[in-house]
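Everything below concerns the one structure shown next.
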Amino acid sequence: MRILYSFLQISRNMHQRNQTTISEFILLGLSGQTEQQKLLFVLFLSMYLVTVVGNGLIILAISLDSNLHTPMYLFLANLSFADMSSISTSVPKMLLNIQTKSQSISYKNCITQMYFSIVFVVIDNFLLGVMAYDRFVAICHPLNYTSIMHPGLCILLTVIPWVLSNIVALTHTLLLTRLLFCDNNILPHFFCDLAPLLRLSCSDTMINELVMFVVGLSVITFPFALILFSYICIIRDILRISSTEGKWKAFSTCSSHLTVVLLFYGTIVGVYFFPSSAHPEDTEKIGAVLFTVVTPMMNPFIYSLRNKDMKGALRKLRDRKIVLRLMPRASELLSSS
């Protein structure tokens, strides 16, 4: 027994000596080839600018147009802000690393990046559920819509997703900070994501993986169940409408949201249930690009192209900019005359 105890003690001491304090991680990015790096820089910079400008215009149009000061567009403005923030957590750092040819990120910045990436992906999920409930009330209970979706409930439905998403992110972050990272600090990803960070740890990650599975399943299941219930009721009520014009008018009010839902959950099914690669790192990269870059970029196009009210608000915003540009010129002409 003494020999066994001595052996275990020596092994523990050797293990502790081999452990090092990781001060930074190395992000390998999406590709290591120089030619592909240049192409990725141009591609992701373009996608980032389109996403920020598109979602920014939606937020600006909603805030300036009093006709859009309704629950639906309040939730849409929050979704656009979450999409802008989601892409901003990962892509700017990736672009900076490509430009400076540096792949490092400090431990603190890595944990911070992981925290906010979880927050904004989770809040997208919750907001889609909230928006589905809003469409359910608007179509299935139109006469009681104002009394049901009163300002107090709208504020509550806006705040709860932000609170829950931060709780989810904080839970994963606190569990991760308990883990030890040894010599390996190479992260095969373009930003600090939870799953690859867990694989780098030399500690027991069973609790982290269990929490990630349970919480992740809950975050997807509850909003999806709300969306499914809402649209079952919506379709049932639309089919009861006698006129084709009435059916189309009712469906058009939720077509943009339904398109975003199909894009979001179609991505989940396509990436995680039918993976195209046997390597989990590739699946995670594809999923991360779709969730943090592609989907936030597509949402403004979906809502601006398929929504008449949003088209009108964007036209007003464009006309207002033209008027503001002409005003200084007009004042100069008046003063000169």
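The values are calculated or read from the model by the stated rules, or taken from the named source; none is laboratory data. Predicted model, so just to flag it, every value in this text is computed and none were measured. All accessible areas refer to the heavy atoms of the entire protein, side chains included, with ligands and DNA or RNA removed. Shrake-Rupley method; radii C 1.70, N 1.55, O 1.52, S 1.80 Å.
Partners of Lys316 within straight-line reach, counting lysines whose Cα lies under 18 Å from its Cα and excluding those fewer than 8 residues away in the same chain: Lys308. The heavy atoms of Lys285 present about 40 square angstrom of accessible area, all protein chains included, probe 1.4 Å. For Lys285, a cut-off of 27 angstrom between C-alpha atoms picks up these lysines, skipping any fewer than 8 places away in its own chain: Lys38, Lys93, Lys101, Lys108. Annotation: lysines with alpha-carbon distance below 16 angstrom to Lys311 (same-chain offsets under eight excluded): Lys321.
For Ile160, the solvent-accessible surface computed with a 1.4 Å probe is close to 70 Å², ligands and nucleic acids excluded. Residue ranking by accessible heavy-atom surface, 1.4 Å probe, largest first, among Ile155, Ile148 comes out as Ile155, Ile148. Full extension of the chain between Ile186 and Lys108 gives 26.5 nm of extra length, using 0.36 nm per residue less the Cα-Cα distance. The spacing between segment 58-121 and segment 158-230, judged by their C-alpha centroids, is 18 Å.
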